[in-house]
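Q: My questions all concern the structure below.
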Amino acid sequence: MVRQNVTGKTWIASEGWSTSYLVPFEKYSELMSSTIGLAMFSGEMVGFQEYFMRTHPSKAPEDIFVRRFWEEAFGCQWLDEDALMMKDNKIKKCTGDEKLESLPISNNMDVRTTYNIYKAVYATVLALKDLMMCIKGGGPFIQETCANISDFHPWQVCFHLNLIMRKSHMCEEEKRQ
């Protein structure tokens, strides 16, 4: 776009490039000056950073996700000695001595997706809790009925999710004032 001199436009940028490290470069400033960037909301997940920094394959040897994360993060593979001898010598073996602190993400983690999944799961748990805690004769449905927790319908969970979302937005508004 810069080479073709496409300027004077308002761009709507998805998160994929509106949060890119390339955006602040001066050579893109004229192109990007009137861009509207969309990005996911980010927030704090209390205890997540500490939990993440304690992650180690030796603490959960059966957890394939931790092992796979470790391989991706450190560019190594978990191989036994026999497999290592049969493989190409260029393969770096995971030792377990690798340090999460050495990763660029450890101190400046971008966990927007994780945070939004966390909030969605948390809201769903609260909705299910509301379904369970409903008192007969004081429920939110027709004739003050409650959902049957053993046989509820998706719309009933959505109803409670909607209530939770309203409460959440009201709390956010109060924080801003």
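Q: Would you be able to tell me the number of residues in region 141-154 that are loosely packed, with under 11 Cβ neighbours inside 10 Å and outside any loop (DSSP other than H, G, I, E, B)?
A: Result for region 141-154: 3.
Q: Still on this model: Among the candidates Ile135, Ile105, which residue alone is more than 30 Å from Leu38 (Cα to Cα) and either outside any helix (DSSP H, G or I) or modelled with pLDDT of 90 or more (or both)?
A: So the residue among Ile135, Ile105 that is more than 30 Å from Leu38 (Cα to Cα) and either outside any helix (DSSP H, G or I) or modelled with pLDDT of 90 or more (or both) is Ile135.
Residue by residue, here is whether (1) at pLDDT below 90; (2) within 27 Å of the chain's Cα centre (by Cα); (3) farther than 30 Å from Tyr122 by Cα holds:
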residue: Leu22; (1), (2), (3): yes, yes, yes
residue: Met45; (1), (2), (3): yes, yes, no
residue: Arg67; (1), (2), (3): no, yes, no
residue: Met86; (1), (2), (3): yes, no, yes
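The values are calculated or read from the model by the stated rules, or taken from the named source; none is laboratory data. What you see is a predicted model; the values in this text were computed from it and never measured. Please note: Cβ atoms are built from the backbone with ideal geometry, for glycine as well, and neighbour counts cover all protein chains shown.
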